[in-house]
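To start, the structure under review is shown below, and the notes come after it.
The values are calculated or read from the model by the stated rules, or taken from the named source; none is laboratory data. Every value quoted in this text rests on a predicted model; they were computed, and no experiment measured them. FYI the Cβ positions are ideal-geometry reconstructions off the backbone, even for glycines, and counts take in every protein chain you see. Ligands, DNA and RNA are excluded from the accessible area calculation, which covers all protein heavy atoms including side chains. Shrake-Rupley method; radii C 1.70, N 1.55, O 1.52, S 1.80 Å.
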Amino acid sequence: MKNKIKSIIFLIALLSITLIFPNMSNAQTRTVTDEETLINAINEADYGDTISIQNNITVTKPIVIAKELIIDGNGYTITGSSDWTSTSGNQTMFTAQLSDANLTLKNIKLENGPKYGVQAYDGAAVYLDNVSITGFKYGGVLVNGGRLEVIDLHLGYNGTDANNGIEIDKGAAATNHPTLVMNGTLTSDTNENVVRVADNGHLTEFTITNTSNTTNKVAISGDSLVLTDENNNVIAETKVPDTITSNTDIQNVIITLVANGKTNKIVAESGKTISEDTLKSHIQLETNQVIDGFFTDEQYTTAFDFNQTLSADTTIYAKISMVETPVPEEPTQPETEIPVKDETPKTGIENYTGLAVLTILLSTTTLIFMRKKRKYRIG
């Protein structure tokens, strides 16, 4: 009896999962090679299917997606045709539309189009992973009341008179506020307007979120929206209109660090302190240079207080000086007398004189001895 009850409970649970997620187990991969097969595959795709691109493709009209879908470009490029056909005023290459849309683009390059490369519209979610977008006349990505998550995105130059990378906006018909989530890396060929907040009268608020493992962050500091690198250095900065409220997980300030005639901007968390070691890590010293201290003025008269919590954008000046490295003296060698060399030519005369004297002495001695001997004999 107990086994029957367990079996019935298991079957009910299995049936419930099947009803809630009817297509989960049926997700499949559809291969495409041109515009026609791409559009057909998107229209025919079921919940969670993957579209696998196997060739460079040129598209002539916008592609709208209103379901959960993965498009894997496998490194190929989708290019907008010069003969572009607009659809109900929409001229974006890929649009994820309304709350049922959940679009992941990965391993793909998008190039050239009359408006935007990708749009997250009114509740739709877009995930960009190993995606490159360049050459679109209005901008790279439009977060139009939708949700954009950046995992790995590279932006080339997008826009006409000025670059426009990611535009945070809300159209007149959109009912949701836009959200940008940073969850990886965001790089750009230009630091102008990498992330920009539009001022069209419809956008009143937006949300910025940074995951704990993201490399690049998008932060709000006062009236500025800034993109930072992994060391919190400011890469790009744009102004947020006064009429728009930014919702963010952390409030920040910008530290402008002046050192060696160079200016570096650093994002720091508001309400906290910044350490001397943190500032030093952002300064590159030249040979024989040392940091004498950090000050709040160019004349180095007022030292910066590292115990003070940060509440507003702050400029800090690093005083740097040169240290002369003493040149070691070579040890003095003791003076030694050099013997005077006798330069007189050696003729052998001295030797001959001595020998002659010796010969004379020997001869004289011999003669005296012989005379005495002779005298004794005679007597």
If you consider only alpha-carbon coordinates, what radius of gyration and Dmax does the stretch 75-204 have, in Å? 13.3, 39
Computed over the stretch 84-126, the distribution of all Cα-Cα distances in 10 Å bins, rounded to whole %, is 28, 51, 21
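What does the charge add up to near Met322, with Lys and Arg as +1, Asp and Glu as -1, over the other residues with Cβ less than 13 Å from its Cβ? All intermediate terms of the calculation are to be shown ahead of the outcome.
Working: positive: Lys319; negative: Glu286, Asp292, Glu324.
With Lys, Arg at +1 and Asp, Glu at -1, the net is -2.
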Accessible area per residue in Å² at 1.4 Å probe, computed on the stretch 20-147: 43 Å²
On the formula 1/(1 + (r/R0)^6), with r taken between the Cβ atoms of Ala303 and Glu269 and R0 of 22 Å, the FRET efficiency rounded to 0.05 is 0.50
Considering only protein heavy atoms, what is the solvent-accessible area of Thr58 at a probe of 1.4 Å, reported in Å² to the nearest 10? 80 Å²
Need one number: nm distance between label points at Gln289 and Gln28, each 7 Å from Cα along Cα→Cβ, rounded to one decimal. 6.4 nm
Aspartates and glutamates whose Cα lies under 13 Å from that of Lys109, excluding same-chain neighbours fewer than 8 positions away: Asp72, Asp129, Asp152
Averaged per residue, what accessible surface does the stretch 204-247 expose to a 1.4 Å probe, in Å²? 44 Å²
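For the stretch 184-280, which whole-number percentage of the solvent-accessible area (1.4 Å probe, protein heavy atoms only) is attributable to carbon and sulfur atoms?
Ligands and nucleic acids excluded, carbon and sulfur give 41 percent.
State the percentage of accessible surface on the stretch 46-143 attributable to carbon and sulfur atoms; use a 1.4 Å probe and exclude ligands, DNA and RNA. Don't skip to the answer; put the middle values down first.
Working: 1420 of 3660 Å².
Solvent-exposed carbon and sulfur of the stretch 46-143 make up 39 percent of the total.
What shape does the stretch 32-96 take by its C-alpha gyration tensor, where a ≥ b ≥ c are the square roots of the eigenvalues and a/c under 1.5 counts as rounded, a/b above b/c as prolate, and the rest as oblate?
Details: a/c = 2.03, a/b = 1.20, b/c = 1.69.
Judged from the Cα gyration tensor, the stretch 32-96 comes out oblate (a/c at least 1.5, b/c at or above a/b).
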Sort Asp129, Asp189, Asp72 by heavy-atom solvent-accessible area, probe 1.4 angstrom, most to least. Asp189, Asp129, Asp72
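Students often get this wrong, so check it: of Lys67/Lys170; Lys67/Lys239; Lys262/Lys319, which have C-alpha atoms separated by over 23 Å?
On the way: Lys67/Lys170 21 Å; Lys67/Lys239 34 Å; Lys262/Lys319 12 Å.
The pairs that break the limit, which is 23 Å between Cα atoms, are Lys67/Lys239.
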Compute the length gained on full extension between Asn90 and Ser321: take 0.36 nm times their separation in residues and subtract their Cα-Cα distance, giving the result in nm to one decimal. 77.2 nm
